[in-house]
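S.K.: Below is a structure I'd like to ask you about.
The values are calculated or read from the model by the stated rules, or taken from the named source; none is laboratory data. Only a predicted model underlies this, so the values are computations on that prediction, with no experimental measurement involved. Positions of Cβ are backbone-derived with ideal geometry, glycine not excepted, and every protein chain shown enters the neighbour counts. Accessible surface areas use protein heavy atoms only, side chains included; no ligands, DNA or RNA. Shrake-Rupley method; radii C 1.70, N 1.55, O 1.52, S 1.80 Å.
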Amino acid sequence: MKKNTFLIAAVMFTVSGTNSVFAAEGDTADEQVIEEVLVTATRRTESLQDVPISISVVSAEDIIGTGTIDIKSLSNMVPNFVFAESPNQGLSFMSIRGIYSRSEPSAIGLDQSVGVYVDGVFHSRQFNANANMGDVERVEVLRGPQGTLFGRNTISGAINITTKKPDTDEFHGDFSLDVGDRNLAHARGGLNIPLVADTLAIKLFAEVRE
């Protein structure tokens, strides 16, 4: 049987940027330090270790490093989360812990079982669920019913996407280009422009994949 291979080459260019390492006072550079992961799964910012929810967190570095472009490809990284193939682009067969609901795009009165939220805004229809990630800071996949904090449409869980916020302190930008066989071309780039120090900034981001 002949196997088809899909080759991807990535190029990354960074104008400027800063990297932060969280370390306790007195730690040396040779010591290994566990970085604290902050999440907003409970509608407030908390440490991942303090949140009493079954949750998986995928960072921006993980998304870029694995070539993840949308929620469907994200399912390859998160246990108990499946985004199955569907015969219609308007359908999204998402399931968490094996629970999902099938509803046609025109079925306004039917609810999906996995809620998708971007910066707290609910994506009400399934055909909006698999959009490109964009400039994402992290993605939280919450398992189990989340109706108390996220409302209906979350009987099996919720996907909470947090995008990167503008930085009011520093001008910086980044650009990446992925090319490969089968005429693959994926370009993405962003630019952060401070307007008023510590007060106002604007962030531009664009992404094209063919």
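S.K.: Residue 164 to residue 37: extension gain in nm, 0.36 nm per residue of separation minus the Cα-Cα distance?
M.R.: Here the segment from residue 164 to residue 37 would lengthen by 44.2 nm.
S.K.: Along Cα→Cβ, 7 Å out, is where each label goes; now give me the distance between the ones at residue 210 and residue 137 in nm to one decimal.
M.R.: The modelled label-to-label distance comes out at 3.4 nm.
S.K.: Just to check, using Stokes-Einstein with a Kirkwood Rh over alpha carbon pairs, what's the diffusion coefficient of region 123-210 at 37 °C and 0.692 mPa s in µm²/s?
M.R.: 208
S.K.: Could you please report the charge total around residue 159, scoring K, R as +1 and D, E as -1 over all other residues with beta-carbon less than 12 angstrom from its beta-carbon?
M.R.: Charge balance in the 12 Å sphere: +1.
S.K.: What net charge do the residues around residue 178 carry, taking every other residue with its C-beta under 10 Å from that of residue 178, with Lys and Arg at +1 and Asp and Glu at -1?
M.R.: Around residue 178, the charge tally is +2.
S.K.: Also, quick follow-up: Express in Å², to the nearest 10, the accessible area of residue 61 obtained by rolling a 1.4 Å probe over the protein heavy atoms while all chains stay in place.
M.R.: Approximately 130 Å² for this residue.
S.K.: Then there is this: So who's got an amide H within less than 5 Å of the one on residue 93, skipping anything under 5 residues away but keeping other chains? H placed 1.01 Å off N, in plane.
M.R.: Hits under the 5 Å cutoff: 84.
S.K.: Taking the Cβ of residue 137 as the center, what net charge do the other residues with Cβ under 11 Å away carry, scoring Lys and Arg +1 and Asp and Glu -1?
M.R.: Neighbour charge sum, excluding residue 137 itself: -1.
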